[in-house]
Amino acid sequence: MCGIVGAVAKRDVLGILLEGLKRLEYRGYDSAGVALIHDGKIERSRTVGKVNTLVEALKKAPISGSTGVAHTRWATHGEPSVKNAHPHMSTVGDIAIVHNGIIENFAELKEKLIKKGISFSSQTDTEVIVHLLADSWDHKAGFVDNVKKVLSKLKGAYGLCVIHKDYPDQMVAVRSGSPIVIGYGIGENFISSDTLSLLPVTNRFSYLDEGDIALVGLDNVVAYDQSGQETTLVIEELDSVKDAASKGRFKHYMQKEIFEQPEVIENTFSSGIFEDGDHRSVLVERFGANAKALFSEVEHVRIVACGTSYHAGMVAKFWIEKYAGISVDVEIASEIRYREAVIPKKSLFVTVSQSGETADTLAALRQAKKKRYLSTLAICNVANSSLVREADLSFITEAGIEMGVASTKAFTTQLTAFILLTLSLAKSQNQLTKEKESELLKTLQEAPKLVKKVLSLDKEIERLSMDFVEKHHALFLGRGVQYPVALEGALKLKEISYIHAEAYPAGELKHGPLALVDRDMPIIAVAPNDMLLEKLESNLQEVQARGGELYVFVDHAVSENLNIAAKHSFVIEAVPELIAPIVFTIPLQLFSYHVAVQKGTDVDQPRNLAKSVTVE
Ligand code: F6R
């Protein structure tokens, strides 16, 4: 979850590294640091807090150099402090490293090094790597061989970049569990955890494979695979990459990403639908060349994910069971990894992830691949992510880069992908007439327009958010397929506004949570036009009878019939049942966003969180 950037050039690279770090801040932002080789020495600067604090510190005490590494941290071992910030350096200052990931056996390695008389200046796991390097460095061996020797002692997941003062025009990068990309310039080269950070300097990239180690010089990059054999890196040119690092006319990335949803939902479904005159059909091959044959055999679906992506899986369960008639279970990745879960016959293992690098989701996929699942599928927003590379089948959502830590457009595009998966499964199993398939796809195509309509409620929702600034708790209610939408609403509110929020399927209230309801407890409910509306209505009346303050997002088609006196009710354009979970998510996202803005929290980078959770 930390971000790494490195550069080897013939010019001063400090500016490149700092700009790279700013673009990587979504990965972690507890502290930041940079180390540069200058006149045969390594100079370093580190600060607690965001990259701008480092930029200010460097204005007062500048450093420079044409080879260097930089890091933005999300603390795992040791609190955010200058001492714990990366780069870490050897005692005599000849080596500097930056690291993303966790060294699981660091305590044992540290103890051995301390016994040898080596003293540590931080509480991090990373520092053992730099001392191991210094302790075993053989000046007759090459840069790569010296690094390789140490890697064999490390257990855990890491992406690493190392510089040594004796190699002023080179750096060594390693990928073992955490992604590393190499960026190619002219007479200069770069490394990073993510292409985004290097877009100002190049659009040509290679992705290291698991276990690869690369020697990056001014004019060439030499890579070795896990077995030590030299390997050829394929260079990909990213053309016309939209620069996601710009907020445009918006105040926050999250706000921009909420408003991008009509477009990205459309981008996600358009490559999965074939239109012939008035008839629409789903392109099952969008999931992989052999998807149709595989899907025809599926008897069970297991969806595994974390956080918001897990909520998308919970919605998908309703769709797949209803339209394809296949039973589905949905599991939290960090839980199923450690359980002896029974694998039903012919089960399709589906992982969902925005980043494709979430440690628990990836580990669950790797485990599943060793077990007797029919096949594995990744629904993911990052095409070159580990999850996509390792799953048998894949579907890339077209959300574009998501910078806000709180997931918004990734969620609604995951839901879009799940509708296409549902129809692909149903079609491959002959569960769907051609007419029904066409009708459901037509409904999906209405989603962007309806989402746009809800976005126009922005100002009204902003006014509502003012009621919540002084609140400490909130309860979200939904029924059926809207329960996961309520869960997602509660997650958004708590993660960016720090208001404690819970979500319940409304029928569960009287089994305990109703005890919490009083005048200080606002209740936010989603009320679409579905068969559970009447049930929801009685649940809401129960809340009202206990003095709870109701805020209801209700479908236009039923708003007149709903017999409750909500403090505020927001009428949403009539929404077809299939896409109601996508459309009803939008007001909840806007609501959380505005509450957070009113409260003055850091919307895009809320405390204690990071965008890509690459540690367990
Ligand atoms: C919440 C959020 C997280 C992620 C979770 C999984 O807004 O973003 O809950 O959904 O960390 O991440 P991915 O989808 O990248 O696997």
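Structure notes:
- Restricting region 173-185 to residues that are at pLDDT 90 or above and assigned to a loop (DSSP other than H, G, I, E, B) leaves a set whose member that is nearest to ASN100 (Cα to Cα) is ILE180.
- Single unsatisfied condition, ALA7 versus (1) open to solvent by 10 Å² or more (accessible area, probe 1.4 Å); (2) of a type outside the set (Val, Ile, Thr); (3) over 11 Å from HIS71 (Cα atoms): (1)
- For LEU393, the conditions (1) more than 16 Å from the ligand (Cβ to nearest atom); (2) out of contact with any helix residue (DSSP H, G or I) (no Cβ under 6 Å at 6 or more places or on another chain); (3) within 30 Å of ARG204 (Cα to Cα) are fulfilled apart from (2).
- Of all residues in region 1-30 being outside any loop (DSSP other than H, G, I, E, B) and basic (Lys, Arg), the one that is nearest to ALA359 (Cα to Cα): ARG27
- Any chance SER355 is within 17 Å of the chain's Cα centre (by Cα), over 23 Å from ILE579 (Cα atoms) and either within 16 Å of the ligand (Cβ to nearest atom) or open to solvent by 10 Å² or more (accessible area, probe 1.4 Å) (or both): yes
- Residues of region 128-147 satisfying the condition of being open to solvent by 40 Å² or more (accessible area, probe 1.4 Å) and either under 15 Å from GLY228 (Cα atoms) or not hydrophobic (A, V, I, L, M, F, W, C) (or both): ASP135, ASP138, HIS139, LYS140, ASP145
- Region 461-486, residues that are closer than 26 Å to LEU415 by Cα, outside any helix (DSSP H, G or I) and either open to solvent by 10 Å² or more (accessible area, probe 1.4 Å) or among the hydrophobic types (A, V, I, L, M, F, W, C) (or both): ALA474, LEU475, PHE476, LEU477, ARG479, GLY480, VAL481
- Any hit, region 442-455, residues being small (Gly, Ala, Ser) and in contact with a strand residue (DSSP E or B) (Cβ under 9 Å, 6 or more places away or on another chain): no
- Residue within region 330-340 that is under 15 Å from PHE395 (Cβ atoms) and modelled with pLDDT of 95 or more present: no
- Condition check for SER334: in contact with a helix residue (DSSP H, G or I) (Cβ under 8 Å, 6 or more places away or on another chain), open to solvent by 50 Å² or more (accessible area, probe 1.4 Å) and not β-branched (Val, Ile, Thr): no
The values are calculated or read from the model by the stated rules, or taken from the named source; none is laboratory data. Note that the coordinates shown come from a computational prediction; the quantities given were computed from them, not determined experimentally. As a convention, Cβ positions derive from the backbone with ideal geometry for all residues, glycine included, and neighbour counts pool all protein chains shown. Surface areas here come from the heavy atoms of the whole protein model, side chains and all, with no ligands, DNA or RNA. Shrake-Rupley method; radii C 1.70, N 1.55, O 1.52, S 1.80 Å.
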